[in-house]
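K.L.:
Once you've had a glance at the structure underneath, I'll fire off some questions.
The values are calculated or read from the model by the stated rules, or taken from the named source; none is laboratory data. Bear in mind that the values here come from a model prediction, so they are computed numbers and not experimental data. Please note: Cβ atoms are built from the backbone with ideal geometry, for glycine as well, and neighbour counts cover all protein chains shown.
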Amino acid sequence: MNSTSVLLTSMSVQMKQTFARNMFKFTLFVGPFLITVILGEMFKHSTADNFVAYVVLGSGLWNLWNCIAFSSAGDINRERYNNTLSIIFSAPADFRLILLGKILGNTLLALCSFFLSVFFATVFYRHPIIVTNWPLLIMSLLLAILAFIIMSIFIAYLLTLSRKTAIYMNCLEIPVALICGFVFPIENLPQGVQFISWIFPPTWAVRLIRLSVTETTYGLLENFVPLIITSVIFVILATLLYRIIFKQVKVLGTLDMA
Amino acid sequence: MIQRFFSQAWLNAKVHQGGLNLTEFLAFKVGVSILTLVLYVLIARFTTGYVDLTAWVVGNAFALCVYECIFGIGGTFSSERFNGRLRSIIVAPTSKLTVIMYNGASSIVTGFLTIAVSFFIGGLLFGVQFSEFDFVMFALAIFAATFASVGLGLLLAVFALITDSIFLMLNALALLIIIFSGANFPVGQLPLFFPYIANIFPLYRSIAAARLSIGGAFSVEFWSLLLGEVLLGFVYLLITFLAIRIIERVATRNAALEMF
């Protein structure tokens, strides 16, 4: 089996399995509506001026992250519960490709939640979507998705060695939404916390997305360069992490009992 | 009987919390609760521009008990099924309500503490003037909120006997409670008949009562809100009692416990 075929098969199986789960259907269809209502109502009489940037795109990004993070972290737990984690880890097909296929499959499905959030926010709150720079919006959305995928891979590797995955995955949603400034600018956070925000690629991707719906493109490069740098750092960290995990799994032989 | 109840409740608490060491408990239970409060209060500060965020700190501290009371208790039979104990529990002569109660006992305590600790830490972070609070009123409001939330959690737990999608229901209801609680925005601004729906959900009255404890004194409004919340909790308990009898009978007769 070549790499492309491993990736596509993993994606396809993942999408079928994920869509069969009722909980994922909640994350995909019900969650976006309810989170959009909370944000929409909070912003209804707001003094903040950009409804599109913070409610329409903010709730979309929040839901997109929820879907990708919950399912990607939960998949490791499910594989362990089904006693298939050690099988896919030791299979001739590269574990990294199988995991990437799973995350890509989840991401494709999760895009529905993003577009649903945008749809709900636009229809229910009747705010016209004014985008000043469509190419920038599309490019920054793609970069945001890439940033989420990189973060998910890193988290999925981290959770491979723990049996407490279910606890940890519930801790992914809020801290990332808060620190990366999905629904308000990170300048609202204390200075010390802003330094932590800068480490994560989604922070820069979110800022780029916001630039595309504002009048100015000032700061384009200032956000684009850190996004690329932090993404590369996370890819390097994920690669190193995989090597450490691979070595540990081979030495201890306790993947299913970790 | 009482001793068995508490020993089972303690055993269950250890099952749910025992997997975590102290650092993990503080980071993933307390830490995430505080971050959730901080997120919503910061959104409120950004959207309103207000400096005094006391109302949001109070509201969101109360909203946090949803996670303990609804998920902790609501998932009782679902986790029993997952652990393969559901059949034994159903055919045992023990009252099923007692089973849910001892499963939920730790959630009641944790729910109460979650509100108190989150309010205190959130208050320190956002400069809440604690001296303005009447803490007896505030504690009564916490009690009422926890009681009503636990009541709803018990009711939801029963539904796990007839559906495998209980966590879908729990997640949806948790967000609906947050919407209708008035923790983040006035429920009255919702369109059409939606503001009236808030009356059938927990927290709506207790959050309003807790906000009255800021610089306030015991008033008719406070007591009516508090009694309304406690009454709602009793209504949930009554429905749970009836529902468990019907659902248990249906599940036993159809032998459909794990097949729905």
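K.L.:
Please tell me if B:Ser131 is closer than 30 Å to A:Ser46 by Cα, part of a helix (DSSP H, G or I) and polar (S, T, N, Q).
P.N.:
Judged against the criteria, B:Ser131 is a match.
K.L.:
Now for a separate question. Could you count how many residues in the stretch B:76-108 are over 24 Å from the mean Cα position of the chain (by Cα), closer than 16 Å to B:Lys14 by Cβ and aliphatic (A, V, I, L, M)?
P.N.:
0
K.L.:
Among the candidates B:Ile34, B:Ile43, which residue alone is more than 9 Å from every other protein chain (Cβ to nearest Cβ), in a helix (DSSP H, G or I) and under 21 Å from A:Ile35 (Cβ atoms)?
P.N.:
When all the criteria are applied, what remains is B:Ile34.
K.L.:
Do we have B:Phe6 as of a type outside the set (Ser, Thr, Tyr), assigned to a helix (DSSP H, G or I), facing chain A (nearest Cβ under 10 Å) and out of contact with any Asp or Glu (no Cβ under 8 Å at 6 or more places or on another chain) here? Before the answer, list the steps.
P.N.:
Values: of a type outside the set (Ser, Thr, Tyr): yes; assigned to a helix (DSSP H, G or I): yes; facing chain A (nearest Cβ under 10 Å): no; out of contact with any Asp or Glu (no Cβ under 8 Å at 6 or more places or on another chain): yes.
No, not satisfied.
K.L.:
In the stretch A:69-80, is there at least one residue being more than 12 Å from chain B (Cβ to nearest Cβ), assigned to a helix (DSSP H, G or I), of a type outside the set (Lys, Arg) and in contact with a Lys or Arg (Cβ under 6 Å, 6 or more places away or on another chain)?
P.N.:
Here is the first cut: in the stretch A:69-80, the residues more than 12 Å from chain B (Cβ to nearest Cβ) are A:69, A:71-73, A:75-80.
The next check asks that each one be assigned to a helix (DSSP H, G or I); those that pass are A:69, A:71-73, A:75-80.
With the extra rule that they be of a type outside the set (Lys, Arg), the set shrinks to A:69, A:71-73, A:75-77, A:79.
Those still in the list that are in contact with a Lys or Arg (Cβ under 6 Å, 6 or more places away or on another chain) too: A:75.
Checking the stretch A:69-80: at least one residue is more than 12 Å from chain B (Cβ to nearest Cβ), assigned to a helix (DSSP H, G or I), of a type outside the set (Lys, Arg) and in contact with a Lys or Arg (Cβ under 6 Å, 6 or more places away or on another chain).
K.L.:
For the stretch B:189-210, give me the residue count where each residue is surrounded by fewer than 16 Cβ atoms within 10 Å (Cβ to Cβ), more than 18 Å from B:Ile43 (Cβ to Cβ) and either at pLDDT 85 or above or within 11 Å of another protein chain (Cβ to nearest Cβ) (or both). Write out each step before concluding.
P.N.:
Step one: of the stretch B:189-210, the residues surrounded by fewer than 16 Cβ atoms within 10 Å (Cβ to Cβ) are B:189, B:191-194, B:196-197, B:199-200.
Filter again for more than 18 Å from B:Ile43 (Cβ to Cβ), leaving B:191-194, B:196-197, B:199-200.
Still in the running and either at pLDDT 85 or above or within 11 Å of another protein chain (Cβ to nearest Cβ) (or both): B:191, B:194, B:196-197, B:199-200.
Number of matching residues: 6.
K.L.:
Another question, then. Would you pick out the residues in the stretch B:199-239 that are part of a helix (DSSP H, G or I) and under 20 Å from B:Met101 (Cβ atoms)?
P.N.:
Hits for the stretch B:199-239 are B:Glu229, B:Val230, B:Leu231, B:Leu232, B:Gly233, B:Phe234, B:Val235, B:Tyr236, B:Leu237, B:Leu238, B:Ile239.
K.L.:
Among what's in the stretch B:15-26 and is out of contact with any helix residue (DSSP H, G or I) (no Cβ under 9 Å at 6 or more places or on another chain) and at pLDDT 70 or above, pick the residue that is farthest from the other protein chains (Cβ to nearest Cβ).
P.N.:
Narrowing the stretch B:15-26 to residues out of contact with any helix residue (DSSP H, G or I) (no Cβ under 9 Å at 6 or more places or on another chain): B:18, B:21-23, B:26.
Now drop any that are not at pLDDT 70 or above, which leaves B:21-23, B:26.
Values: B:Asn21: 10, B:Leu22: 14, B:Thr23: 12, B:Leu26: 12 Å.
That would be B:Leu22.
K.L.:
If you take the residues of the stretch B:75-99 that are on the phi < 0 side of the Ramachandran plot and in a loop (DSSP other than H, G, I, E, B), which of them is surrounded by the fewest Cβ atoms within 10 Å (Cβ to Cβ)?
P.N.:
So the residue we want is B:Pro93.
K.L.:
Could you please let me know if A:Ala69 is surrounded by fewer than 21 Cβ atoms within 10 Å (Cβ to Cβ), touching a helix residue (DSSP H, G or I) at 6+ places or on another chain (Cβ under 9 Å) and closer than 18 Å to A:Met11 by Cα?
P.N.:
Working: surrounded by fewer than 21 Cβ atoms within 10 Å (Cβ to Cβ): no; touching a helix residue (DSSP H, G or I) at 6+ places or on another chain (Cβ under 9 Å): yes; closer than 18 Å to A:Met11 by Cα: yes.
When the stated conditions are applied, A:Ala69 does not pass them.
K.L.:
Pick from the stretch B:134-168 the residues that are in contact with a Phe, Trp or Tyr (Cβ under 8 Å, 6 or more places away or on another chain) and either in a strand (DSSP E or B) or without any contact (Cβ under 8 Å) to a residue 60 or more places away in the chain (or both): which of them is farthest from B:Ile90 (Cα to Cα)?
P.N.:
Selected residue: B:Phe143.
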